[in-house]
Amino acid sequence: MDLAYYYELWRGMMLSKDPAVAAEWWQVFFVRFYQAFLENDRWQQYLRGVGTTLCVTAIALCIGVVLGVLVAVVRTAHDQQRPGRRNVLLGAVNFVCRVYVTIIRGTPMMVQILIMGMVIFSSSRNYTMVGALTLGINSGAYVAEIIRGGLMSLDPGQMEAGRSLGLGYFDTMRFIVIPQAFKAILPSLGNEFIVLLKDTSMISVIGGQELIKAARDIINRTYDAMFPLIGSAVIYLVLVMIFSWLQGILERRLRQSDRR
Amino acid sequence: MIDVKGLTKSFGNHLVLDHIDQHIHPGEKVVVIGPSGSGKSTFLRCLNLLETPTSGSITFQGQEITDPKADINAVRRQMGMVFQHFNLFPNMTIRKNITLAPVQTRLMSQAEADDAATALLRRVNLEEKADAYPAQLSGGQKQRIAIVRALAMKPKLMLFDEPTSALDPEMVGEVLAVMKELADEGMTMVVVTHEMGFAREVGTRVLFMDGGKILEEDEPHAFFAHPKEPRTIEFLSKVL
Ligand SMILES: Nc1ncnc2c1ncn2[C@@H]1O[C@H](COP(=O)(O)OP(=O)(O)OP(=O)(O)O)[C@@H](O)[C@H]1O
Ligand SMILES: [Mg+2]
């Protein structure tokens, strides 16, 4: 039941101008639609899928932000040490952070999910949580690089001004550097969040119960792929659009200190 | 007040400061001049350890601040620094810029710091800008704010690194006026500048730096009237 099938039906309808053919086309359309969304209350399956998708996104986001901030702070603090005062422990932690970022960014997300689901946590039945954990660990590496970029891009004069006033490194970070870096990286963070939301679809390969898994279960029952998949695509699109709108509001609020 | 002995700084194998010895007494207004790249900024930044000296020692009020065990935040609280590019915090209002450090270092409560900020702003005639953001100010206004922000910490010594070099000419005067007033109140100051008029009028001692060394120093009148070193004469002939 692919697009070509619907197209052939539709072409037949347009060519024949026979109301009976048109009626048949509409009938097929409505039956498929009914089977995909309404029969046996299937819309509830999508709804549960969306709920899981959002929940997985939220969990992965929390893990990703915590990991990302930790890694970014370690790496930036390491790079900003005063020469001659190198801290060995910080050097070791920094090395671990670099290995983490390199591995995560150097391997495909799909492979990471398969390894986590089928090798590391192969005995776990909680596929959704394994998926969320994987996404969080993956996202952490990207968030770390985004944050680090934001911290590095800030005028070093800001750090110097804070330090020259007698504020310590972490106070200067907290009050001066991080708020400005946050504003600068908000668009990239928003982007990362959108990627994360869409990448949750991949955890269905290890059995995570999210939206695409629901759609695939329904395809297996109705033997029609078009409506469930296009329906899922529309749902993702709407979620992303809502989020982009919220992000725009936040960015406008943060820009208030730029007004002249 | 500040005693510099054998101060040396290299970036990689580029020697920027070459065994500098200096003593700065309380109340002095030391003006540092010299060609670009001669190490003036580096010298100033070593004084509050924004740059870590490669070797040599700096003693501030009897405490060796180059000692790795010295509390450099405590030392910096006693030295204000004003930068060429102001370095105001763009994410905060002017009032917050001024009160942040005194409050966070527990020098003052928020209420005391707010009062101090109001007094300082009145002093530079910028009271009405307390709730503005730095982006809304002119360069001259920003630099006056940067000066009072440093003063809010009640420093014993003020360091200025070319405070007027990034300003439009018509704004230089208002900033120099604030610095002159500060000098008249007896503040100890080290000023890197290209404003020879200021050096002559406000300075008590002029240092000429070249190639990482202090080639010549004197009280301003004698310095400008009778420079001795050929490099100094050449430099002055270009800038005066
Ligand atoms: N962080 C740094 N890393 C490497 N080299 C540096 C650094 N800071 C300064 N230098 C070099 O040290 C030398 C002295 O620099 P400095 O900024 O002290 O000169 P300056 O006298 O202040 O010059 P200007 O009048 O242009 O401000 C220059 O050659 C500069 O390139
Ligand atoms: Mg300089």
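The values are calculated or read from the model by the stated rules, or taken from the named source; none is laboratory data. From a predicted model like this one, the values you see are computed outputs, not experimental measurements. With ideal geometry, Cβ positions are generated from the backbone for all residues, glycine too; neighbour counts draw on all protein chains shown. Surface areas here come from the heavy atoms of the whole protein model, side chains and all, with no ligands, DNA or RNA. Shrake-Rupley method; radii C 1.70, N 1.55, O 1.52, S 1.80 Å.
Rounded to the nearest whole Hz, the Karplus-based 3J(HN,Hα) values (6.51 cos²θ - 1.76 cosθ + 1.60, θ = phi - 60°) of the range B:21-32 follow the sequence 10, 8, 10, 10, 8, x, x, 6, 10, 8, 10, 9, with x at glycine and proline. Packing, as the average of other Cβ atoms within 10 Å across residues, places the peptides A:241-254, A:123-136, A:104-117 in the order A:123-136, A:104-117, A:241-254, highest first.
In square angstrom and rounded to 100, what buried accessible area do you get between chains B and A, total over both, with the probe at 1.4 Å? Summed over both sides, the interface buries about 2400 Å².
Normalising by residue count, the range A:1-138 has a Cα convex hull of 175 Å³ per residue. With chain A treated as a Gaussian network of Cα nodes joined by springs under 10 Å, which of A:Arg148, A:Arg11, A:Arg163 yields the largest mean-square fluctuation? Of the options given, A:Arg11 has the highest mean-square fluctuation. When the convex hull of its Cα atoms is viewed from all sides, the range B:79-216 shows a mean projected area of 8.8 nm².
Amide H to amide H, with H built 1.01 Å from N, B:Gln84 comes under 5 Å of B:Asp161, counting only residues 5 or more places away or on other chains. Seen from every direction in turn and averaged, the convex hull around the alpha carbons of the protein assembly as shown projects onto 33.8 nm². Report summary: the helix-based calculation at 222 nm, which adds -39500 (n - 2.57) for every DSSP H run with n ≥ 4 and divides by the residues of chain B, gives -11000 deg cm²/dmol. Connecting C-alpha atoms closer than 10 Å in a GNM of chain B, tell me which of B:Gly139, B:Gly12, B:Gly212 has the biggest fluctuation. Sorting by GNM fluctuation, first place goes to B:Gly12. Each distinct pair of alpha carbons in the range A:119-236 adds a 1/r term; the inverse of their mean, the Kirkwood radius, is 17.4 Å.
Over all residues in A:165-177, what is the mean tally of Cβ atoms on other chains that come within 10 Å of each residue's Cβ?
Per residue, the number of nearby Cβ atoms from other chains is 6 on average.
Using Cα-only point scatterers and the Debye equation, what is log10 of I(q)/I(0) for the range A:98-149 at each q in 0.20, 0.31 Å⁻¹, rounded to two decimals? Reported log10 I(q)/I(0), two decimals: -0.67, -1.18.
Using the rule -39500 (n - 2.57) for each DSSP H run of four or more residues, divided by the residues of chain A, the 222 nm mean residue ellipticity is -25500 deg cm²/dmol.
Entry comment: accessible area of chain A is 55 Å² per residue, from protein heavy atoms only and a probe of 1.4 Å. Comparing mean-square fluctuations of B:Gln84, B:Gln136, B:Gln61 from a GNM of chain B with C-alpha springs under 10 Å, the top value falls on B:Gln136. In units of the rule-of-thumb radius 2.2 N^0.38 Å, chain B shows an alpha carbon radius of gyration of 1.02.
Quick one, what does Rg over Rh come out to for the range B:1-70 if you take C-alpha atoms and the Kirkwood Rh?
Dividing the radius of gyration by the Kirkwood radius yields 0.95.
For B:His19 and B:His85, the FRET efficiency from 1/(1 + (r/R0)^6), where r spans their Cβ atoms and R0 equals 30 Å, is about 0.50. On a 0 to 90° scale, report how tilted helix B:139-151 is relative to the longest principal axis of chain B, with both axes built from alpha carbons and the result rounded to the nearest 10. For B:139-151 against chain B, the angle is about 90 degrees.
3J(HN,Hα) couplings calculated from phi for the range B:176-187 with the Karplus curve 6.51 cos²θ - 1.76 cosθ + 1.60 (θ = phi - 60°) are, in sequence order, 4, 4, 5, 5, 5, 4, 4, 5, 5, 7, x, 5 Hz; Gly and Pro show x. Peptide A:16-24 shows a mean partner chain C-beta count of 0 within 10 Å per residue C-beta. For B:Lys156, the residues whose modelled amide H falls within less than 5 Å of its own, excluding neighbours fewer than 5 places apart on the same chain, are B:Met79, B:Gly80. Placing R0 at 25 angstrom, the Cβ-Cβ distance between B:Glu170 and B:His194 gives a FRET efficiency of 0.90 after rounding to 0.05. Each residue of the range A:8-25 was assigned a 3J(HN,Hα) from its phi angle through the Karplus curve 6.51 cos²θ - 1.76 cosθ + 1.60 (θ = phi - 60°); the sequence is 4, 4, 5, 5, x, 5, 5, 6, 6, 6, 8, x, 5, 5, 4, 4, 5, 4 Hz, with glycine and proline shown as x. Here the peptides B:157-163, A:54-60 are ranked by packing, the mean other Cβ count within 10 Å, and the order with the highest first is B:157-163, A:54-60.
For chain B, the longest principal axis of the C-alpha atoms and the axis of helix B:230-239 are separated by about 40°.
Placing a pseudo-label 7 Å from each Cα along the Cα-to-Cβ vector at B:Val239 and A:Ser188 gives an inter-label distance of 4.0 nm.
Applying 1/(1 + (r/R0)^6) with r as the Cβ-Cβ distance of B:Lys5 and A:Asn40 and R0 = 60 angstrom yields a FRET efficiency of 0.10. Reducing the range A:191-220 and the range B:156-209 to their Cα centroids gives an inter-centroid distance of 64 Å. Derived from the Cα gyration tensor, the three semi-axes of the equivalent ellipsoid of the range B:179-240 are 21, 12, 10 Å, largest first.
Compute the acute angle (0 to 90°) between the alpha-carbon long axis of helix A:211-222 and the principal axis of greatest extent of the alpha-carbon atoms of chain A; round to the nearest 10°. It works out to around 20 degrees. Considering only beta bridges that DSSP places wholly inside chain B, some 55 percent are antiparallel. Ligands, DNA and RNA left out, the 1.4 Å accessible surface of the range A:22-153 is 70% carbon and sulfur atoms. All Cα-Cα distances of chain A, cut into 5 Å bins from zero to the largest, leave 1, 5, 10, 12, 13, 12, 10, 9, 8, 6, 5, 3, 2, 2, 1, 1, 0, 0 percent in each bin in turn.
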